[in-house]
Protein chains: 2
Amino acid sequence: MKLDCDNCPVRDSAACASLSDVERAELGRLGTHKSFARGETVFHAGDDNDICATLNSGLLKISSSDAEGKERILSLVHPAGFVGEMFAPVAHHDVVALADSRLCVFSRSEYEAAVDRFPSLARALLRRSSEELFEARNRIALDTQKGAAEKLANLLVGLAKAASNSPCHAAHEFELPMTRGEIAGLLGLTIETVSRQFGKMEKEGLITRTSTRGIRVTDAARLTALAG
Amino acid sequence: MKLDCDNCPVRDSAACASLSDVERAELGRLGTHKSFARGETVFHAGDDNDICATLNSGLLKISSSDAEGKERILSLVHPAGFVGEMFAPVAHHDVVALADSRLCVFSRSEYEAAVDRFPSLARALLRRSSEELFEARNRIALDTQKGAAEKLANLLVGLAKAASNSPCHAAHEFELPMTRGEIAGLLGLTIETVSRQFGKMEKEGLITRTSTRGIRVTDAARLTALAG
DNA sequence: CGTGTGCTTGATTACTCTCAACATCGGTGG
DNA sequence: CCACCGATGTTGAGAGTAATCAAGCACACG
């Protein structure tokens, strides 16, 4: 399906926001919209790495699986995020839709050519990449300096922020966009530990579970403090 | 001290290798060489983020410290590596020399201008950033899917590779460029656990300790297998 | 020498994983 | 409509790994 940049929900926040109208129109001619239902795979680790995409709406996960098949989620991709490895011949990780999602998809070679043609796009991608690197390193720091409770608190704070429309305010109440297993894979814990931590948080009055996936934050201050 | 790109040891592998001779000469005029002794800080988290640098020789660590002062090493920077955050007003992490090191240092604003002027430099940095991101994510995967022995084995294999001059062959014998405490901070373990894992590895015949810091790999195959 | 830093080793504790049983929800088909 | 089923989530008991606490060792340096 043809791109419609004028009505794009991430028009001002995605990498292509750095382009002029003329440039964006040219880039727009190279891409197509594509939808993925929750659970569908955008691409697999090991696939020929021939697409790049910007997330329009929805939520993606980037994950890897070890030999025993245990999954570790390396990153969540929110709208305006970019997926695809520009410099690798094959994809290193799996990319799967966590929620019904809509993407602008480009062939990697064409996108690469566009990066060379539009320096501001290269700059925007560099910025994005730096931020992702910062995120990844924060996660590393979190992984071992903190225990299960801190990790989960940190995730909830992040999801609460993502759930609200305004970037500065966190949502008071929201739905978890993933299963316990996915949360466990994201935090490097087991399903059971995640479940127990939810129980403990509720008992301690930090949150209320409005349903298995529904979270109401009842003590944002303490939750944030716990998250570090 | 004035740059001497012609005799630069990382002339062909650093980000500036993407530049033409003319361009490199122009960039070279903006930077200076600077040396740091082991333990010296290149910049601190929270500093005004006004320098960028390419590592010429030596070894750096990028680390963060949590509230209780425990350090986590987020990344090692080998020669040809780039340090400095182009898009953050203040530095997020500490950068410290692990070995006596020599850097090409640029003011951030001048380097940023150079990135805009030389598209191939932007591309090279984007590539570097993507690779660092990949490294960081690999570390995330390692962090929880594997135990202490696997993590240490993985580090040793990496250091053995870095210690040899040729990029494909690993050194048979080498010196650890860091203390047990730094290894612990890098792997997210404690000093004691690291020490015990060294002992176990030696007892099992994977390595021999030629000194407290000296490592001889006696069973590279099993060590690599353990590293995953 | 004595001191300090880095390293090792041992005993104990704490946290998370593993294994296992059970509960809940949604959908399907009799 | 209800019974069944699979997937998901909760809860409990026990095992295992690494952290913590606590000495002691080794080497370098004044």
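The values are calculated or read from the model by the stated rules, or taken from the named source; none is laboratory data. In this text the structure is predicted, and so the values were computed from the model without any measurement. Here the Cβ is made from the backbone with ideal geometry for all residues, glycine too, and neighbour counts use every protein chain on show. Heads up: the accessible areas ignore ligands, DNA and RNA and are worked out on the full protein's heavy atoms, side chains in. Shrake-Rupley method; radii C 1.70, N 1.55, O 1.52, S 1.80 Å.
Counting Lys and Arg as +1 and Asp and Glu as -1, each charge on the Cβ, what is the dipole of the stretch A:1-134 about the Cα centre in debye, to the nearest 20? It would help to have the intermediate numbers written out before the result.
Values: 15 positive and 21 negative charges, 62 e Å.
Magnitude of the dipole: close to 300 debye.
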- Note on the structure: Once amide hydrogens are built 1.01 Å from N within the peptide plane, the residues lying 5 or more places from A:F43 or on another chain with amide H under 5 Å from its amide H are A:V95
- Item | Cross-link pairs A:K61/B:K61; A:K70/A:K200; A:K34/A:K61; B:K34/B:K61 - those with Cα-Cα distance over 23 Å | A:K61/B:K61; A:K70/A:K200
- Of all the C-alpha pairs in the protein assembly as shown, what % are more than 36 Å from each other? 33 percent
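Within 10 Å of each Cβ in peptide B:141-148, how many partner chain Cβ atoms are there on average? Round it to a whole number, please. Could you put the intermediate results ahead of the total?
Numbers: counts 11, 4, 7, 9, 10, 1, 0, 0.
Average neighbour count from other chains, rounded to a whole number: 5.
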- Task: Would you mind checking which residues have amide H under 5 Å from A:R38's amide H? H placed 1.01 Å from N; only 5 or more apart, or other chain.
- Result: A:D100, A:S101
- Query: Which one of B:F87, A:S109, A:T193 has its Cα pushed farthest toward the positive end of the charge dipole of the protein assembly as shown, where Lys and Arg give +1 and Asp and Glu give -1 at the Cβ?
  - Reply: A:T193
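With a cap of 15 neighbouring Cβ atoms within 10 Å, and only residues DSSP puts in a loop, list the trypsin sites (Lys or Arg not before Pro) found in the stretch B:1-55. Working shown, then result.
Values: sites: B:K2, B:R11, B:R24, B:R29, B:K34, B:R38; in loops: B:R11, B:R29, B:R38.
Here the trypsin sites (Lys or Arg not before Pro) that fit, given the DSSP loop and packing criteria, are B:R11, B:R29, B:R38.
Sorted by accessible area (1.4 Å probe), largest first, how do B:H44, B:H172 line up? Write down the numbers at each step before the final one.
Numbers: B:H44 90, B:H172 115 Å².
Most to least solvent-accessible, the answer reads B:H172, B:H44.
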- Message: Along the Cα→Cβ direction, 7 angstrom out, place labels at A:E131 and B:T32. What is the inter-label distance in nm?
- Response: 3.4 nm
- In whole angstrom, how far apart do the alpha carbon centroids of the stretch A:55-77 and the stretch B:52-124 sit? 28 Å
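How large is the translational diffusion coefficient of the stretch A:5-128 in µm² per second when you combine the Kirkwood radius over alpha carbon pairs with Stokes-Einstein at 37 °C and 0.692 mPa s?
Reported coefficient: 223 µm²/s.
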- Item | Residue among B:I207, B:A149, B:S166 farthest towards the positive dipole end of the stretch B:146-227, charges placed on Cβ | B:A149
- For the stretch B:197-205, just list the computed ³J(HN,Hα) in residue order, Karplus coefficients 6.51, -1.76 and 1.60, θ = phi - 60°, integers in Hz, with x standing in for Gly and Pro. 5, 4, x, 5, 4, 5, 4, 7, x
- For the stretch B:150-197 and the stretch A:208-226, what is the separation of their Cα centres, given in Å? 41 Å
- Message: Amide H of A:L59 versus every other amide H placed in the peptide plane: which residues, excluding those fewer than 5 positions away on the same chain, fall under 5 Å?
- Response: A:L98, A:A99
- Message: Under a crude label model (7 Å from the Cα following the beta-carbon direction), how far is B:E110 from A:C168 in nanometres?
- Response: 3.7 nm
- Message: Counting pairwise Cα distances across the stretch A:146-227, what percent come out greater than 22 angstrom?
- Response: 14 percent
- Message: Using each residue's phi in the stretch B:211-228, evaluate 6.51 cos²θ - 1.76 cosθ + 1.60 at θ = phi - 60° and report the 3J(HN,Hα) Karplus result to the nearest Hz, with x for Gly and Pro.
- Response: 6, 4, 9, x, 10, 10, 8, 9, 9, 4, 4, 5, 4, 5, 4, 5, 5, x
- Residue with peak Gaussian network fluctuation, chain A [Cα springs, cutoff 10 Å], from A:G214, A:G28, A:G58: A:G214
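Can you tell me the alpha carbon radius of gyration of chain A divided by the globular rule-of-thumb value 2.2 N^0.38 Å?
Values: Rg = 18.5 Å, N = 228, 2.2 N^0.38 = 17.3 Å.
Working it through for chain A, the quotient is 1.07.
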- Message: Can you compute 3J(HN,Hα) from phi for each residue in the stretch B:84-90, using the Karplus curve 6.51 cos²θ - 1.76 cosθ + 1.60 with θ = phi - 60°, rounded to whole Hz and x for Gly and Pro?
- Response: x, 9, 5, 10, 10, x, 10
